[in-house]
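These notes concern the structure reproduced below.
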Amino acid sequence: MSDPDLPAFRADSIGVMKFATPGFLCHRPVMETDFSIELQRSNGCRMQLPYRRWHCLTFYPSSASRVERVGAWGRQVGVVRAGEVGLYPAGEPEIIDWHGRTDALHLHLDPRRVGRERMELGLGEETGIARYFICNEAVLIELAASLYESVKAKAFEDVSLLVDQIARRLADAHPAKRPLPQPELGRVLLDDILDLMHGPAAARASVPKLANHAGLSLGRFIRKFSASFGTSPHDYLVRNRIETAKGLLSEGMQIAETATECGFCDQSHLTHAFRRRTGMTPAAFVDWANL
């Protein structure tokens with residue numbers, strides 16, 4: 001799609017590239033091996049997701065927002081009101097427009113977590129979930145609202161328990177009717193490569209090691225990855241390291257220590273990369289995240 005108003009990349013820690021307009025800010029206070037929680041604050045923005053790696057439950061805690069979503073299923077437009085929830089399956093690329101001020105919580109959930117829950121419930125091995133532009137199920141809405149309040153209160157033990165309940169509810173009441181796509185990169189599944197490119201693993205990864213893991217030459221790996229995601233694997237790694245840094249900074253870790261933990265040479269290196277990709281310094285981000 002050609003769009004002169006579609007600007008620079010953003011990346012999150014679940015292996016999803018985001019092309020987002022400058023009105024978009026995100027903060028990820030919780031990052032675990034099979035789920036993460038993202039808080040969004042935006043003022044009119046567009047986001048393009050070439051590949052959604054994990055399922056997403058979105059909860060809108062405050063004012064209403066007009067949202068437009070475009071994907072292979074077609075075009076959905078509507079006003080999402082405070083207290084409503086949407087469900088968006090992994091493996092589905094889409095373009096999202098948020099019109100006006102939007103506050104949201106996004107729970108990103110590994111499909112394998114849903115599969116494990118279904119196995120425990122004796123319901124089969126499906127890992128997918130159904131798509132809902134707006135899901136009106138009272139149980140899920142109540143769980144999502146409690147999750148938002150627990151995240152804001154930094155009650156992380158409650159967060160884990162609520163995510164358990166949400167994962168089980170999705171597995172039990174909202175399974176998909178079709179399997180998730182399993183794209184490949186070289187000799188491995190794309191998700192196997194992305195496992196090494198997000199969260200703490202991103203600090204240790206290198207593009208040559210990733211190419212070797214995929215069974216491809218360095219040049220071929222870079223070309224195939226760039227064709228799929230619209231950016232180089234090196235840039236993708238840096239952006240995911242920044243997302244990990246956001247989480248550590250929001251927890252109170254010092255900037256210099258965060259730089260080392262996330263694979264940057266030093267504080268100056270992190271600050272330069274952070275400002276280039278988010279438009280603010282790490283210190284300014286901490287102030288924003290603590291609002």
Segment 202-264 and segment 75-115: distance between their alpha carbon centers, rounded to Å
25
Once Thr102, Thr260 are ranked on solvent-accessible area with the largest value leading and a 1.4 Å probe, the list reads Thr260, Thr102
Once you list every other residue whose beta carbon is under 12 Å from the beta carbon of Met253, what net charge do they have if Lys and Arg are +1 and Asp and Glu are -1?
-2
Accessible solvent surface per residue of segment 205-291, calculated while the other protein chains remain in place, 1.4 angstrom probe, Å²:
48
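Taking the Cα centre of segment 29-70 as origin, work out the dipole magnitude from +1 charges on Lys and Arg Cβ and -1 charges on Asp and Glu Cβ, in debye rounded to 20.
260
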Where nothing but the Cβ of Lys and Arg (+1) and of Asp and Glu (-1) is charged, how large is the charge dipole of the chain around its Cα centre, in debye to the nearest 20?
900
Any idea which of His174, Tyr51, Val114 is furthest toward the positive side of the dipole for the chain, if Lys and Arg beta-carbons carry +1 and Asp and Glu beta-carbons -1?
Tyr51
Lysine pairs in the chain 8 or more apart or on different chains: how many have alpha carbons under 27 angstrom apart?
10
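Per residue, how many Å² of accessible area does segment 109-192 show with a 1.4 Å probe?
Computed with neighbouring chains in place, this is 56 Å² per residue.
Note down, for the chain, the three equivalent ellipsoid semi-axes (square root of 5 times each alpha carbon gyration tensor eigenvalue), biggest first, whole angstrom.
27, 23, 20
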Within the accessible area of segment 186-291 (1.4 Å probe), percent carbon and sulfur:
52
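The values are calculated or read from the model by the stated rules, or taken from the named source; none is laboratory data. Quick caveat, the model's predicted, so the values are computed rather than measured. All Cβ positions, even for glycine, are placed from backbone atoms using ideal geometry, and neighbour counts span all protein chains on display. For the accessible areas, the whole protein counts, side chains as well, though only heavy atoms, and no ligand, DNA or RNA atoms are used. Shrake-Rupley method; radii C 1.70, N 1.55, O 1.52, S 1.80 Å.
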